[in-house]
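Below is one structure; the comments refer to it alone.
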Amino acid sequence: MSQKLSAGAGLSLGVAVLWFSLLVLLPLAAIIAAAAEGGWSNYADVITEPQTWSAVRLTVEQAGLVTVVNIVIGTIIAWVLVRDRFWGKSILGVVIDVPFALPTVVAGLVLLSLYGPESPVGVHAAFTPSAVTLAFAFVTLPFIVRTVQPVLEELDTDVEEAAASLGAGRGVILRRIILPSLVPAIAAGAALSFARAISEYGSLVLLSGNKPFHTEVVSVRVLSFIENGSNASAAAVASLMLAVALVVIIALDVVQRRVARRG
């Protein structure tokens, strides 16, 4: 039996769909249409061109690596912020959000001053693939922390204490009680982290050097196509990255559902 929407609910739904269409669906449709202009053969030629494929591979590999690191480190940071009490906790909470507020070009300048040729910490990672890793890690760190933290705050510690009193070890409590509750938030944060990383540009302009076949990422490659007047090629690469992001998001959703079901 279907339910009729009230006038207010119908209007709200209509406004939401219209806004979503204007901001997301229509631009995505335009990108796909532009990518298809030259036909499948031209699309395949653009994607498989060595310089472009090198940029795609570097971007996806580094984004995947940083996402895995964020899953571990971000969850640990969220746990510390929620479960531990220490001096400077509020300051750490503010610092976590700095990558959200800092313009990415400024972030690149900061990273270059720390890890460039005149590094005060003795680490020279600029203009190397490690620079891509550092930039991705910097701009994506808050995502998993901020998605996991609210869930941890809502977890009832009495359940953990009851399980411990019945003889359950920390590993069992983590696997059977804590992890099933955290996995949806971790998966959501990981999806945001990966999607943010593969689209990063600003923080890499100064730090990576944008060397073809070495440190050039997809966003830089797309920009070079646009500057050369090859919008169809730029749209082809953009559509590929859109497909990669969708595959990763769907895969993470499947994983979190299975883990939650087992829990």
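Numerical summary
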{"item": "Per-pair calculated FRET efficiency, R0 = 25 Å: Glu154 and Phe86 via Cβ, rounded to 0.05", "result": "0.70"}
{"item": "Integer Hz, Karplus 6.51/-1.76/1.60 couplings in order for segment 191-197, x for Gly and Pro", "result": "5, 5, 4, 5, 4, 5, 5"}
{"item": "Extended-chain gain in nm, criterion 0.36 nm per residue less alpha-carbon gap, Lys211 and Val72", "result": "47.0 nm"}
{"item": "For segment 40-262: relative contact order, % (alpha-carbon pairs under 8 angstrom, 6 or more apart)", "result": "31"}
{"item": "Relative contact order %, segment 6-131, counting alpha carbon pairs below 8 Å whose residues are six or more apart", "result": "6"}
{"item": "Distance between segment 29-77 and segment 115-154 - C-alpha centres, whole angstrom", "result": "20"}
{"item": "Helix-only mean residue ellipticity at 222 nm for the chain, each DSSP H run of n ≥ 4 adding -39500 (n - 2.57), per residue, nearest 500", "result": "-24000 deg cm²/dmol"}
{"item": "Segment 15-128: C-alpha gyration tensor shape, a/c 1.5 cut-off, then a/b vs b/c", "result": "oblate"}
{"item": "Gyration tensor (alpha-carbon) shape descriptor, the chain, a/c threshold 1.5", "result": "oblate"}
{"item": "Exposed-loop-free span, longest in the chain, where chymotrypsin sites (Phe, Trp or Tyr not before Pro) count as exposed if DSSP calls them loop and at most 13 other C-beta atoms lie within 10 Å", "result": "88-212"}
{"item": "Net length gained if the chain between Leu18 and His124 were fully extended (0.36 nm per residue, minus Cα distance)", "result": "33.3 nm"}
{"item": "DSSP loop trypsin sites (Lys or Arg not before Pro) with at most 14 other Cβ within 10 Å excluded, longest remaining stretch of the chain", "result": "86-263"}
{"item": "Neighbourhood charge, 12 Å Cβ-Cβ cut-off, centred on Phe194 and excluding it, Lys, Arg +1 and Asp, Glu -1", "result": "-1"}
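Any read-out appearing in this document is the output of simple, stated calculations on the displayed coordinates, not a laboratory observation. Values in this document were obtained by computation on a predicted structure and should not be read as measured data. Here the Cβ is made from the backbone with ideal geometry for all residues, glycine too, and neighbour counts use every protein chain on show.
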